[in-house]
Structure formats: C-alpha cells, structure tokens
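Quick notes on the structure that follows.
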Amino acid sequence: MSEPQPLLPDSIRLGPARLRVADRRRSGEWLARVLGMRPLGETDGQEAWGGPDDTPLVELREHPGARPIPDGGRPGIYHYALLLPGRAELGGFLDHLERNRIQHADSDHLVSEAIYLVDPDGITVEVYADRPREIWTRRTGRLELATLPLDHASLLTAAAAAPWSGLPAGTRMGHVHLHVGDLAAAERFYVEGLGFAVTTRAYRGALFVAADGYHHHVGLNIWAALRAPAGPDDAGLDAWTLVVPEAGARDALARRLEGIGVEATRTADAITAADPWGIPVRVTGA
C-alpha cells in the first residue's frame with residue numbers, strides 16, 4: 001500500500017544543526033581537522049561552521065561539563081548527515097580519512113553511500129553522497145533501502161576527480177536521524193504535524209520520512225527508547241532546522257501542529273516546536 005503524500009512543499013530543505021557541546025574549541029578543532037569545515041562567525045553564543053560557500057551547517061553552543069552521548073544513544077540526536085555534491089567528493093573524503101587514519105564506519109544504503117564518524121561529544125556524523133534518483137527502487141510505493149558493505153576500491157578510484165582539500169562547496173545538510181521513544185507518536189508529530197510523508201518502514205524499529213520524493217529528511221528509530229531522553233546538561237541537539245520558504249506553508253505547518261495539540265511558538269524569524277521527547281525543530285523561511 002502506498003503511503004500518503006507529503007503536506008510540505010517540494011521547496012523545503014534542511015538548515016544547520018544546533019549542537020550543545022562540552023568544549024566549543026575542542027569541537028571546532030574536530031570539525032576542521034576531520035570534516036574540513038571552517039568557522040563562519042558567532043551570533044548570540046552560537047558559533048557557525050560550514051564550507052567555502054559560507055553555508056552554515058553546524059552551530060555550536062558550549063555547555064561546560066555536558067555529558068557525552070553514551071554508546072547506544074538516548075532519545076535525542078542519533079546523527080546529522082552532510083550531503084556532498086557527488087560520489088567523487090565522497091571518495092576524496094574517504095581517502096582523507098584513510099590517509100590520516102581517522103576511525104570511521106561506512107555503508108551502502110542503495111540510494112546513497114555513507115561514512116559515519118563520532119565527534120568528541122559522542123554525536124554521530126554521517127557524510128554521504130546520493131545515487132541518482134532515477135535508479136532508486138520502489139516497491140508498492142515504498143523506497144528500498146539496505147545496509148550493505150561499501151565499495152572502498154571504487155570510491156577511492158572516483159576520488160581522483162575530486163581530491164580532498166576540505167569540505168567542498170555545495171555541501172548541505174541532507175538529513176537528521178533521531179532516537180525517539182515510540183514510532184506511532186513520532187509519526188503523529190513528524191507526518192501529521194510537520195507534514196512529511198513516510199518513505200520506508202523497511203528497518204526494524206525505524207521510520208523514514210521526507211518531502212519532495214527524497215529518501216529521507218528525517219530518520220526516526222526506537223533503538224534507544226528505554227533510556228531517559230537527553231537533558232539540558234547532556235551534549236546533543238539544541239535544535240534542527242527545517243527551511244520552508246513559503247509563508248503560507250509555514251502557517252499551515254503551525255496550524256497542523258496546534259491541531260494535534262503541540263504548542264508552536266512563533267518569533268519574528270522562526271516557528272519552534274518540540275516532539276514528545278523534547279527534541280526541538282526550528283522552522284524558518286531562509
């Protein structure tokens with residue numbers, strides 16, 4: 001059976017992930033050394049980091065003594081995912097990691113190829129490249145994803161076209177993946193409220209949702225559901241950002257949230273709401 005279509009417009013995209021870290025200097029050094037980011041400036045205690053095109057991808061807020069995310073995670077952020085412009089750039093990144101002996105994991109997900117790393121606060125970061133949409137496979141309206149071994153040799157061959165010299169221009173926030181406590185409640189917030197559509201239920205204990213026919217803008221899983229959610233003294237996610245350019249679509253989103261009993265706080269530049277586990281989303285127009 002096909003899933004309902006998204007209520008969000010195709011023009012949506014994701015903005016920066018706002019992270020709560022124990023030591024901002026330490027985190028910034030990691031972003032620069034491992035991911036090739038550069039600092040873009042500070043506003044209201046948030047230090048932005050991104051690539052050469054000055055697109056903010058991560059914003060760091062220091063909370064001294066913040067407890068790192070434990071092995072296995074807890075309700076809150078599982079990972080944020082940086083989408084590179086293409087496969088050659090991912091190969092260049094893999095070459096950079098291997099030459100510098102930086103620990104990582106990786107997978108082939110059919111729709112994409114992905115590399116995973118863990119930052120100093122225990123936050124997982126995915127760096128990935130999509131395969132062309134025309135070769136994605138759908139069965140009965142649902143997208144096919146898998147977790148298979150990554151073809152290192154082929155990626156390293158592709159790297160010759162894009163040697164690594166830091167995070168490439170055109171990199172953007174591709175998706176976020178969150179640990180939640182219950183998939184039905186998560187679907188109510190992220191699908192009925194925010195307006196995403198379910199793209200696959202293929203993974204046990206997980207749900208992927210998106211707009212614009214994408215494989216997922218948000219991943220949701222219950223793999224850490226028995227643990228207490230992240231609190232204010234834990235490292236993790238202050239907020240993730242959903243960019244909805246059309247004012248009418250933002251208003252409709254706020255009404256949907258209010259219609260399912262979720263408080264949507266409006267300011268001059270954003271609508272903010274939290275899911276049932278206190279994970280905040282900022283909805284902005286730019």
**OP:** With the full set of protein chains in place, find how many percent of the accessible area of region 1-63 is carbon and sulfur; take the probe as 1.4 Å.
**Re:** 47
**OP:** Could I get the Rg over Rh figure for region 1-120? Both from C-alpha atoms, Rh via Kirkwood, rounded to two places.
**Re:** 0.99
**OP:** Over all alpha-carbon pairs of the chain, lay out the pair-distance distribution in 5 Å bins, whole %, shortest bin first.
**Re:** 1, 5, 12, 17, 19, 18, 15, 8, 3, 1, 0
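At 4 °C and 1.567 mPa s, what whole-number value in µm²/s does Stokes-Einstein give for the translational diffusion of region 134-272, with Rh from the Kirkwood sum over Cα pairs?
73
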Subject >> Loop-resident sites, region 190-286, for trypsin sites (Lys or Arg not before Pro), counting at most 10 other Cβ within 10 Å (DSSP) >> reply: 204
Subject >> Those residues of region 207-249 whose amide nitrogen sits under 14 Å from the label point placed on residue 131, 7 Å along Cα→Cβ >> reply: 215
**OP:** Leaving out ligands and nucleic acids, note down the accessible area per residue over region 53-204 with a 1.4 angstrom probe, in whole Å².
**Re:** 44
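Expressed as a whole percentage, what fraction of the accessible surface of region 198-286 belongs to carbon and sulfur atoms when a 1.4 Å probe is rolled over the protein heavy atoms?
54
Would you calculate, for the chain, the mean residue ellipticity at 222 nm contributed by helices, counting each DSSP H stretch of 4 or more residues as -39,500 (n - 2.57) and dividing by all residues, to the nearest 500?
Working: 5 runs with 50 residues, N = 286.
Calculated at 222 nm, the ellipticity per residue is -5000 deg cm²/dmol.
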Original post:
Roughly speaking, what is the stretch gain from residue 225 to residue 286, that is 0.36 nm per residue apart minus the C-alpha to C-alpha distance, in nm to one decimal?
Top reply: 18.7 nm
Original post:
Measuring with a 1.4 Å probe in the full set of protein chains, what accessible area per residue, in whole Å², belongs to region 1-51?
Top reply: 52
Subject >> Spin-label zone in region 182-207 - amide nitrogen under 20 Å from a point set 7 Å from the Cα of residue 140 along the C-beta vector >> reply: 184, 197-207
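The values are calculated or read from the model by the stated rules, or taken from the named source; none is laboratory data. Worth saying up front: this structure is predicted, and the values here are computed from it rather than measured. Please note: Cβ atoms are built from the backbone with ideal geometry, for glycine as well, and neighbour counts cover all protein chains shown. To get the accessible areas, we keep the full protein, side chains included, count just its heavy atoms, and leave off ligands, DNA and RNA. Shrake-Rupley method; radii C 1.70, N 1.55, O 1.52, S 1.80 Å.
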